[in-house]
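A.B. asks: Here you go, one structure.
The values are calculated or read from the model by the stated rules, or taken from the named source; none is laboratory data. The model shown is predicted, which means the values in this text are computed figures rather than measured ones. Methodologically, a virtual Cβ is constructed for each residue, glycine included, from the backbone with ideal geometry; neighbour enumeration extends over all protein chains shown. Ligands, DNA and RNA are excluded from the accessible area calculation, which covers all protein heavy atoms including side chains. Shrake-Rupley method; radii C 1.70, N 1.55, O 1.52, S 1.80 Å.
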Amino acid sequence: MTRKRVKRRELRPLAAPFTVAAPSGARIRDRLRVTAEEAEVLRLVGEHLGRHQRADLAERVRIGKVKKKDTGRAGRKKALTAVSSSRWAGAMTRVSEDQYQLSMRCLFDERGSLCRAIAVISRRLRVPCGQRAGRVSGYATQAERFQKQRRMASLTARLVLVEERIEAGRPAIVVGGRRLAKVRVHLETAQLTEAQWRQRWDAERLFLTADGETGAPHGNYTIAVHPDTGELSLVLPEPLRHLANAPRGRYRFGCMVRFSHRQGEWLDRVTANRAVRYDITYDPERGRWYIDASWSTDTTQMPRPQEFAARAERTLGVDLNADHLAAYVLDAHGNPVGEPITIPLDLTGPASQRDGHLRAAITQLIAAARGQGCAGIVIENLGFADSRATGRETMGRGARGKTFRRTVAGIPTARFRERLRGMAFHAGLVVIAVDPAYTSIWGERYWKSPLQQQATTTAIVTRHHSAAVTIGRRGLGHRARRRPGVTATRQRMSARRATGQTVTIPRLRGTVRPPRTAGASSMDGKTRLCQGDQLALFSGPQDRSGGHRAISSDCAKSADNGRFAQERYPPVG
């Protein structure tokens, strides 16, 4: 009876690693300790400008998807200048255009997400319940199939609406946030009163943004911060000029602005009158005002992964998980060295606390990399966009699948990548992103046990640490699989290149490498330990007591001077 041949599952192609680009800008923050009178002035200016900016955004949405020259920005700016100023009007029209383009990109992303979800559900609906067609399995029960049919009808209706909005070029934009707007009808669930919600809603709809201008005093004429005294002043809109306490319709605040973080870079720009943008925001929960300064930085060309690997420096492979960061140090040849590194990651609490915990974990990660002499960090290029779109169709069913999907949704992939990119750049480290496919599977199969043998008795190596080794090797251009027996402890060859990343140079057919004898240096700088480890060139009388063949005197003499091998076996090539 012939056995049915099972077709092996093909692995998907891996994307090439790439270097994460350096940050293109900087943003710093300081607190404004204003009085009650100054806070009232900020509130009046923010509400006045916010009302006109929302009207301009509505006008931009009505114009729809047109060419840049047909947006009518010049006319809209002229109308806004009469109720504010020329620079305030320029900032409002610029923000309206940016918000519109962002909303259109969100529509395209939503359309792609809906198409992926519909494709997965329809593919499973074509298979009868409880059956399987190739790699696609049908739904377990008829009830589940019916629920999926309703789900697909809902997704199709949403897709039609999104297509109509894309065709008309009119996205739905909620100034202040759609999530906060929905909280208005669920105040008890959110544990908020109507007054508290209204305070948050009004704070989100304030507009106090002034774009920088190169050549203007201290880089910004509308909102100016003096570099020496830290004095803050802003230009009042035309209807509020009666509140001015300084010449030319300006209002000067009594608080001082001192940016502690990256203060030197900010001073270099404002003293040279280079453009700096300022944003003033209000936090109703704390009752505090803040000012943010931002500017664009010069483009920095980061080395490619091939160029970075040619430097022959240490790297740190990092595996991002829901509750910790697992890392391992790799030498220039891709060999894991040292002990496994585990950094806890607490992502509970409000958004500000989660961001602070993430920054603290990245700080520990960078400190570990610099302490081990690493020149770069290798991470996975995670996004989970497709997984989140298809949901339980591809990420498991039942309680276990729900827990897994919730864990995946809680991993801050995009925020981690952005925070690490900026913090690692300022620390002088290169960040390389690799394809995340099969890193955990191959790491556990090929690296977990050898790493546990190599580590000390107190260190525990998990599959996440082995995945970090695979990630680091992939970033250096090496294969994930290791050669057996190269990471065992106390081996004479453990310190040499022994992970299979070197390339074998082929020789011509019919040629052999010159023989090596005891004490004679070969072309690659190696010597053998014992004379009996290799065969003799010429067969002589066998010494049965010695257990190996003897070397003739002529051959031994030629081996001492090193000329016999070169004459008889000339180098190839």
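A.B. asks: How much accessible surface does His226 have with a 1.4 Å probe, in Å² rounded to 10?
C.D. replies: 60
A.B. asks: Further question: Report the Cα centroid-to-centroid distance between the range 315-352 and the range 409-463 in angstrom, as an integer.
C.D. replies: 5
A.B. asks: Rank-order 245-253, 110-118, 206-214 by packing density, defined as the average count of other C-beta atoms within 10 Å over each peptide's residues, highest first.
C.D. replies: On the way: 245-253: 14.6, 110-118: 17.6, 206-214: 20.1.
Descending mean neighbour count gives 206-214, 110-118, 245-253.
A.B. asks: Still on this structure, I have one more. Step through the residues of the range 425-436 one at a time and calculate ³J(HN,Hα) from phi using the Karplus curve (6.51 cos²θ - 1.76 cosθ + 1.60, θ = phi - 60°), rounding each to whole Hz and writing x for Gly and Pro.
C.D. replies: Listing the rounded values in order: 4, 6, 8, x, 10, 9, 10, 10, 9, 10, 5, x Hz.
A.B. asks: Would you work out the charge dipole size for the range 299-357 about its Cα centre, treating the Cβ of every Lys and Arg as +1 and the Cβ of every Asp and Glu as -1, and quote it to the nearest 20 debye? If you can, show how the numbers build up before the last one.
C.D. replies: On the way: 4 positive and 8 negative charges, 43 e Å.
It works out to roughly 200 debye.
A.B. asks: Once you have a ≥ b ≥ c as the square roots of the Cα gyration tensor eigenvalues for the range 27-126, tell me rounded if a/c is under 1.5, and otherwise prolate or oblate according to whether a/b is larger than b/c. Intermediate values should be presented prior to the final figure.
C.D. replies: Values: a/c = 3.60, a/b = 1.77, b/c = 2.03.
Judged from the Cα gyration tensor, the range 27-126 comes out oblate (a/c at least 1.5, b/c at or above a/b).
A.B. asks: Roughly speaking, what is the centre-to-centre gap between the range 8-87 and the range 233-286 when only Cα atoms are used, to the nearest Å?
C.D. replies: Using only Cα atoms, the two centres lie 18 Å from each other.
A.B. asks: Within 12 Å, Cβ to Cβ, of Arg76, how many net charges do the neighbouring residues add up to if Lys/Arg are +1 and Asp/Glu are -1? Intermediate results must be reported in sequence, preceding the final value.
C.D. replies: On the way: positive: Arg60, Arg62, Arg73, Lys77, Lys78, Arg94; negative: Asp56, Glu59, Glu97.
Charge balance near Arg76 sits at +3.
A.B. asks: Could I ask something else about it? Along the charge dipole of the range 1-119, which of Leu107, Pro17, Gly90 sits closest to the positive end, that is, farthest toward it, with unit charges on the beta carbon of Lys, Arg, Asp and Glu (+1, +1, -1, -1)?
C.D. replies: Ranked along the dipole, the leading option is Pro17.
A.B. asks: Report, in debye and to the nearest 20, how large the dipole of the range 239-336 comes out about its Cα centre when Lys and Arg carry +1 and Asp and Glu carry -1 on their Cβ.
C.D. replies: Working: 14 positive and 12 negative charges, 191 e Å.
Taking the Cα centre of the range 239-336 as origin, the dipole is about 920 debye.
A.B. asks: Using a 1.4 angstrom probe on the protein heavy atoms only, line up Cys255, Cys129 by accessible area, largest first.
C.D. replies: Details: Cys255 10, Cys129 45 Å².
These residues rank, largest area first, as Cys129, Cys255.
A.B. asks: I'd like the Karplus ³J(HN,Hα) series for the range 329-337: coefficients 6.51, -1.76, 1.60, θ = phi - 60°, whole numbers in Hz, and an x wherever there's a Gly or Pro.
C.D. replies: Going residue by residue, I get 8, 10, 7, 5, 9, x, 8, x, 10 Hz, with x marking Gly and Pro.
A.B. asks: With every protein chain left in place and a probe of 1.4 Å, what is the accessible surface of Ser352, to the nearest 10 Å²?
C.D. replies: 80
A.B. asks: Now for a separate question. Compute the signed sum of charges (Lys and Arg +1, Asp and Glu -1) over the other residues within less than 15 Å, Cβ to Cβ, of Leu243.
C.D. replies: After counting each charged neighbour, the total is 0.
A.B. asks: Follow-up. For the range 184-236, state the semi-axes of the equivalent ellipsoid (square roots of 5 times the eigenvalues of the alpha-carbon gyration tensor), sorted largest first and rounded to whole angstrom.
C.D. replies: On the way: eigenvalues 290, 26, 13 Å².
Rounded to whole Å, the semi-axes are 38, 11, 8.
A.B. asks: Moving on to the next point. Around Gly376, which amide H atoms from residues at least 5 apart in sequence, or from another chain, sit under 5 Å from its own amide H, with H modelled in the peptide plane?
C.D. replies: Here Leu316, Val430 satisfy the definition.
A.B. asks: Which far-off residues, 5 or more places away or on another chain, put their amide H under 5 Å from the one on Arg288, with H placed in the peptide plane?
C.D. replies: Close amide H contacts, sequence-distant or interchain: Asp283.
A.B. asks: Let me ask another. Could you run the Karplus curve 6.51 cos²θ - 1.76 cosθ + 1.60 with θ = phi - 60° over the range 163-174 and give me ³J(HN,Hα) per residue in whole Hz, x for Gly and Pro?
C.D. replies: 4, 5, 5, 5, 5, 7, x, 10, x, 8, 10, 10
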